[in-house]
Structure formats: structure tokens, C-alpha cells
1. Just one of the numbered conditions (1) in contact with a Cys (Cβ under 9 Å, 6 or more places away or on another chain); (2) crowded, with 18+ Cβ neighbours inside 10 Å; (3) acidic (Asp, Glu) is not true of residue 79; which one?
2. Is it the case, given these coordinates, that residue 85 is in a loop (DSSP other than H, G, I, E, B) and in contact with a Pro (Cβ under 7 Å, 6 or more places away or on another chain)?
3. Taking the condition of being within 21 Å of residue 100 (Cα to Cα) and in contact (Cβ under 8 Å) with a residue 12 or more places away in the chain, how many residues in segment 128-151 meet it?
4. Given the criterion within 25 Å of residue 53 (Cα to Cα), part of a helix (DSSP H, G or I) and touching a Leu at 6+ places or on another chain (Cβ under 6 Å), identify the matching residue among 91, 120.
5. Only one of 19, 45 is without any contact (Cβ under 8 Å) to a residue 40 or more places away in the chain, assigned to a loop (DSSP other than H, G, I, E, B), assigned by TED's automatic domain parsing to the domain that holds residue 93 and surrounded by fewer than 17 Cβ atoms within 10 Å (Cβ to Cβ); which?
6. With (1) closer than 25 Å to residue 18 by Cβ; (2) out of contact with any helix residue (DSSP H, G or I) (no Cβ under 9 Å at 6 or more places or on another chain); (3) not assigned by TED's automatic domain parsing to the domain that holds residue 7 as the list, and residue 134 as the residue in question, which single condition is left unmet?
7. Check residue 94 against each of (1) surrounded by 13 or more Cβ atoms within 10 Å (Cβ to Cβ); (2) under 22 Å from residue 29 (Cα atoms); (3) not acidic (Asp, Glu) and name the one condition it does not meet.
8. Would it be correct to say that residue 85 is more than 18 Å from residue 150 (Cβ to Cβ) and of a type in the set (S, T, N, Q)?
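The values are calculated or read from the model by the stated rules, or taken from the named source; none is laboratory data. If you're wondering where the values come from, they're calculated on a predicted model, not measured in any experiment. Glycine also receives a Cβ, built like all others from the backbone with ideal geometry; neighbour counts cover every protein chain displayed.
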Amino acid sequence: MATEPATLEIRPLDYSDLPQVIPIERRAYPTPWSLAMFVLEISKPTGLCLAAAREQRLVGYTICARYDIDWHIMNVAVDPGQRRQGIASALLAALYRRAEDEQARFTLEVRRSNQAAIALYTRDGFRVAGLRRRYYQDNGEDALIMWRTPATLDGRLDDVPAADPVLHYRR
């Protein structure tokens, strides 16, 4: 009989979490963020940085910066051994709640090849609205620009800045 995973706690990400964040970041990404990048983002008073933990062990995190009226999700990571358990979905749901604005607009970039992340974001109401060519320095891969806005939640792009309505993303 399988045991239930421990309760997932979503809480603010803190400097004291960084010794657990860095190894997850290195396992999760081919070009991981530096410690200094995390310190910078956590120190910004307008950002939302969240941690997901089970039994005081960090299993994921997200970094989101506020720019004027838009939120830029800069990093969502789940420890590779903990994926497909709803951790990223729980982090994103907490992020939306903590933004405290029903009209909030969220944007992010995602590798074209990251089908699991694209599916997650699409389920969450994000829509592809543009492309950043050769965005990723490690291999020159393009990034899809995705937005989650009141309009995208209704299947439209009319409130997305500079959306390319003819961009059709093919898997």
C-alpha cells in the first residue's frame, strides 16, 4: 500500500532557504541561476517568492517580479524527484492568490521544447502570445512568451501587450 506524501506547505521563500534552493536549481535547469540572482530577487519588496516544502524539506519554489501592472514569473522549479505531484500547480495557485488582484496579468518565457511546462501553463490559463528567438544561451533555443490575463482565461488575447495573433504554436 502506497503511503500518502506529507502535506505540502506553501510559504514565502526566505534567504535561509537558499542552501536548499541552489541544489534544486542545478538539478532542474541546464543553466541555473546563481546565488546572487536569488538574493537579488528575494530582496525586492514588490516581488513574490514562494517555497513549497514537505516536512521542512524544500521541494520547489517560484520567483515572480512585479513590473508596473504585470507580474513576470521568472522561475518555477520543482526538485526533479518530486515532479508530477502537483507542486508547481500549488505554487502557481498560491502566487495568483497572493497577487490579490482578479485583473492581474502574469507573463513568463518557457523553452519551446518543455512540453510538460507548456501543458501546465496552458491548463492554468496561459496562452502563447509571442516568441523570443534564441532566448536560451546554452543552446540557442527559442522561448515562447506566454500570458495569463482575464482575456486568456476566456480564450482571448485582446488584453495581452504586443500579442501576435497569427502565432500558432505547433507541438
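1. (1)
2. Yes: the conditions hold for residue 85.
3. Step one: filter segment 128-151 for residues within 21 Å of residue 100 (Cα to Cα), giving 146-151.
Still in the running and in contact (Cβ under 8 Å) with a residue 12 or more places away in the chain: 146-150.
Final tally of qualifying residues: 5.
4. Exactly one of 91, 120 is within 25 Å of residue 53 (Cα to Cα), part of a helix (DSSP H, G or I) and touching a Leu at 6+ places or on another chain (Cβ under 6 Å), namely 91.
5. Residue meeting the stated conditions: 45.
6. For residue 134, the failing item is (1).
7. (2)
8. Here the answer is yes, as residue 85 does meet what is asked.
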